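The values are calculated or read from the model by the stated rules, or taken from the named source; none is laboratory data. Model, not experiment: these values are computed from the prediction. Methodologically, a virtual Cβ is constructed for each residue, glycine included, from the backbone with ideal geometry; neighbour enumeration extends over all protein chains shown.
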Amino acid sequence: MKTREFGRSGTRVGDIGLGCWQFGGDFGPIEDATAMSVMAAAVDQGVTFFDTADVYGAGRSESLIGRFLKASDAEIRVATKFGHAADVFPDGYSREVLQQGLHASLQRLGVDTLDLVQLHCVPAALLRDGEIFEWLREARDEGLIRHFGASVETVAEARICLQHDDLFSLQVIFNIFRQKLVTDLLPLAQQKGVGIIVRLPVASGLLTGKFTQQTTFDPSDHRHYNRDGQQFNVGETFAGLPFEKGVELVELLRDFVPEGLSMQQMALRWILDHDAVTTVIPGASTAAQAEANARVSDLEPLPASLHRQLTEFYTAHVYRYIRGPY
């Protein structure tokens, strides 16, 4: 597993991490034992970074990670998030609520200090106001957290966050179907030394190339209940593309996949080829998936000619179909 420096910390993490949203059940049911095997497989392949949130399964994802950490001697950096629970979002924020949330995450994860706490797609007005960043600094000074960052929906929100010089990281949606950040955000984040964590790298599974127009999802899966943004930002599901259009675009993409690679490998490698990216956090619901994701770290970069072709593909065929804030 190759590593990259994480922000200005001087520490390094594997360039492929593990997204743990699925442990909360929002991609369909997952057994505790399966979650444990996924984490073990990821660590065995050199993964050193897990990403979760207090809202994933109402704390279940954090609790499962806490159980894994207790049983493992691996050095794992765990990033969690605060701010999107139903009793907080969109207008229930306060210093006291943040403190309560941090203490609950500490308990579930079984740690004394949270490595990284990210604001979880909080309203842009709250980011502009800035007071919530002062609450995070207080928590850092008290030793509850080491670093703070933000998971955002739009470039505009990211730029607001980057006004804070002690911002450690940004978590963003970035993939072959969401390329705006290449020019509009990544250079600025890199200039400021802010780490970039990439979520939805395969667009909720579209870029695995395994879905057809007939594919269905479990009712508990956000790809069923949030397909058109019924519950939260539509951009978090299939990167904002209508599912049917996404499947059509994937069929067009097949001609670009290099010999010897799968579409998913191409999609993950495409992201890693942007050196502003610190780590990519694909999810995995089986140990085999976690292992396959991790091995992408060792693949050679894609040819420059292919990068140009994929940029042209996005501009000509994808951009106009993306829904939601971007």
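Residue pairs whose Cβ atoms lie under 6 Å apart, separated by 6 or more positions or on different chains, with the first residue in segment 127-149 and under 11 Å from Val117 (Cα atoms) and the second in a helix (DSSP H, G or I) and at pLDDT 95 or above, are Ala139/Leu102; Leu144/Leu102; Ile145/Ala139; Phe148/Leu136. Pairing residues of segment 64-79 that are in a strand (DSSP E or B) with residues that are of a type in the set (D, E, K, R), at Cβ distances under 9 Å and at least 6 apart in sequence or on separate chains, gives Arg77/Asp115; Val78/Asp51; Val78/Glu62; Val78/Asp115; Ala79/Asp51; Ala79/Asp115.
Quick one: count up the residues across segment 2-33 that are surrounded by fewer than 17 Cβ atoms within 10 Å (Cβ to Cβ) and within 25 Å of His224 (Cα to Cα). Within segment 2-33, residues that are surrounded by fewer than 17 Cβ atoms within 10 Å (Cβ to Cβ) and within 25 Å of His224 (Cα to Cα) number 5. Determine if segment 130-140 includes at least one residue that is among the charged types (D, E, K, R), at pLDDT 95 or above and closer than 16 Å to Phe50 by Cα. No, segment 130-140 contains no residue that is among the charged types (D, E, K, R), at pLDDT 95 or above and closer than 16 Å to Phe50 by Cα. Filtering segment 89-112 to residues that are hydrophobic (A, V, I, L, M, F, W, C), surrounded by fewer than 21 Cβ atoms within 10 Å (Cβ to Cβ) and under 18 Å from Ala139 (Cα atoms) leaves Val97, Ala104, Leu106, Val111. Screening Pro301 with (1) assigned to a loop (DSSP other than H, G, I, E, B); (2) touching a strand residue (DSSP E or B) at 6+ places or on another chain (Cβ under 8 Å) gives one miss only, at (2). Considering the conditions (1) within 27 Å of Gly7 (Cβ to Cβ); (2) assigned to a helix (DSSP H, G or I); (3) under 17 Å from the mean Cα position of the chain (by Cα), Gln289 is excluded by exactly one of them, (1). Could you count how many residues in segment 10-65 are touching a Ser or Thr at 6+ places or on another chain (Cβ under 7 Å) and basic (Lys, Arg)? Qualifying residue count for the region: 1.
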